[in-house]
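Data first, discussion second: the structure below is written as structure tokens.
Every number here is computed from the coordinates shown, using simple stated rules; none is lab data. Please read these numbers as outputs of a predicted model, since none were measured by experiment. Note that each Cβ is placed from the backbone with ideal geometry, even for glycine, and that neighbours are counted across all protein chains shown.
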Amino acid sequence: MMAEVNLAIIGAGPAGMAAATAAAEAGLSVTLLDEQSRVGGQVYRDIERATGKRAEILGQDYLAGRVLAEKLSEPETSYVPNATVWQAAQDGMLSYSTDGVAKQITADRVLIATGALERPVPLPGWTLPGVMMAGAGQILLKQSGVLAKRAVIAGAGPLIYLIAAQMVRAGTPPLAIVETQTWADFIQAQKHLAGGFRGWRYLSKGLGLIAELRRAGVKRYQAASNLSVEGGAHAEAVVVDHRGRAVRIGCDTVFLHMGVVPNTQLSRAMNLDHEWYQTQHCFRPITDEWGRSSAERVFIAGDGAGIFGAKSAEIVGHIASLKIAVDLDRINAAEFERRVRPLIHASARERAIRPFLDVAYPPSKEIMSPEDATIVCRCEEVTAGDIRKYASMGCEGPNQTKAFGRPGMGPCQGRYCGLTVSMILAEENHRTMNETGYYRIRPPIKPLTLGELAQLDETGGDGEEGMDLG
């Protein structure tokens, strides 16, 4: 028999953990599926094992995730680690693999809580060994206690200060921080300063991190441009223009970061409606105030629906679960209204700072419109110039580019080139991002073996019925 539950949650980060707890408390049967071996997502990765020196390095904001993890003990909640969801349908059927075995589950409601991906940073040299996204550096620290020595952090966004401060606390401070945001960006952000003051705690934390870096003597290159990485067999230096002169910073490792964007692979594979969100320069799924998507049975919570941070994700996960409990007659409308009102106010407070941060720390124009020679699709080695050539030959959308040169058809299925390809096409064809669109994502959205697929009949699946790999 195929497993049946009231609510299936995909992703055990802050939104997924909070949603699972709230749903179980409302009397719903819940299955929580997550790719990692432990709960926490990226922001609270390996939170259950963080003790001693590592906990001290990562800080109190990280340790706040421990409370969420400890609440996942309700008997109504089934937590499935190492579970890779490779297909999901609007009717609530999910297909996933764990430990090499494929399984299926049906749910009255589905909550996508898959969080965010780091924005691709296509610049000269970004494919060299030794160059990685800043989030990868955090994974090394959180999961293995490992930090790179002789590293440079480059990009824009508050996260680079946090990672740099954690490196300082660990005794391996970065050689330098290269920042691409400009004073003009900060001046433009002033119109959102009222919201910034509402989020004064975040501003205070940011200023504290910068002061910590100053005390540690970490060199900052602000308003840098023409960022590139030099090297032969591996990264050897970061090169930038700073204050009218070229600066070369020798290093062994480069951490790149230009913010994060919603992980929409699953929501697109489910054919949900999406829109271009200009403030954050990304696509996001369309949801209502409760997290319901364009499909009645599918909800989305957390950074997968727009980047607003871990605390906001937790609150919205709770809100979505309460709405689902109303849908399934576990609580009435009056009880829902009583419980959800303070959560809505809390969510508004958490989100107030985001417009200021989004405008003050935008991705650089250089990565949104890379030089022709820069590789944008790492899997298939397609350059920005190739995409522009396809546009000159009549290519209007990213799906057409697959026929021209296979971008988006590699192992990552467009996760790290999709935004760049769409941006280049929109620019070249003088069309909006909504008109240009995004890759059409089809299942399986993660690698799947024929052996796993063949096991569905034996593990509770319905064989070919319910499978749609086209």
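Just want the ordering: His430, His234, His242, from fewest to most Cβ atoms lying within 10 Å of their own Cβ.
His430, His234, His242
Enumerate the lysines that Lys365 could reach by cross-link, defined here as Cα to Cα under 24 Å, with residues fewer than 8 away along the same chain left out.
Cross-link targets: Lys191, Lys219, Lys389.
Using only the Cα atoms of the stretch 216-344, what are the Rg and Dmax in Å?
Rg and Dmax of the stretch 216-344, Cα atoms, are 21.9, 65 Å.
Highest mean first, how do 218-224, 69-75 rank when packing is the count of other Cβ atoms within 10 Å averaged over residues?
Numbers: 218-224: 17.9, 69-75: 14.0.
Packing proxy ranking, top to bottom: 218-224, 69-75.
Would you mind classifying the stretch 1-136 by shape? Square roots of the alpha carbon gyration tensor eigenvalues, ordered a ≥ b ≥ c; an a/c under 1.5 is rounded, otherwise it is prolate if a/b is larger than b/c and oblate if not.
oblate
Applying the Karplus parametrisation 6.51 cos²θ - 1.76 cosθ + 1.60 with θ = phi - 60° to the phi angles of the stretch 376-386, what ³J(HN,Hα) value in whole Hz is obtained for each residue in order, glycine and proline being reported as x?
10, 9, 5, 5, 10, 6, 9, 8, 4, x, 4
Are there cysteines in the chain with no second cysteine's Cβ under 4.7 Å away, and if so, which?
Cys251, Cys282, Cys379, Cys395, Cys412
So for the stretch 120-258, taking the charge dipole from beta-carbon charges (+1 Lys/Arg, -1 Asp/Glu), which of Ile210, Ser225, Thr180 sits furthest toward the positive end?
Going by the Cα projections, it comes out as Ile210.
Give, rounded to the nearest 20 debye, the magnitude of the charge dipole that the stretch 69-147 has about its Cα centre when Lys and Arg contribute +1 at Cβ and Asp and Glu contribute -1 at Cβ.
280
In percent, how large is the relative contact order of the stretch 120-258, given Cα pairs closer than 8 Å and 6 or more residues apart?
On the way: 242 pairs, mean separation 52.7, N = 139.
Once divided by the residue count of the stretch 120-258, the mean separation gives 38 percent.
In µm²/s, what is D for the chain at 10 °C and 1.306 mPa s, where D = kT/(6 pi eta Rh) by Stokes-Einstein and Rh is the Kirkwood radius from Cα pairs?
69
So, with +1 on the Cβ of K and R and -1 on the Cβ of D and E, and no other charges, what is the size of the charge dipole of the chain about its Cα centre, to the nearest 20 debye?
Here the chain has a charge dipole of around 2200 debye.
Quick one: angle between helix 310-327 and the longest Cα principal axis of the chain, in degrees between 0 and 90, rounded to 10, please.
Taking Cα atoms only, the helix is inclined about 20 degrees.
For the stretch 218-279 and the stretch 1-80, what is the centre-to-centre distance using only Cα atoms, to the nearest Å?
So the two Cα centres are separated by 30 Å.
Between the stretch 132-200 and the stretch 314-346, how far is it from one alpha carbon centroid to the other, in angstrom?
35
Based on the Cα gyration tensor of the stretch 369-436, what are the three equivalent ellipsoid semi-axes, each the root of five times an eigenvalue, rounded to whole Å and given largest first?
16, 12, 11
In degrees from 0 to 90, rounded to the nearest 10, what is the angle of the helix 159-169 Cα long axis to the longest principal axis of the chain?
Once rounded, one gets 80 degrees.
What ranking, highest mean first, results for peptides 110-123, 257-270, 24-37 when packing means the other Cβ atoms within 10 Å averaged over each residue?
110-123, 257-270, 24-37
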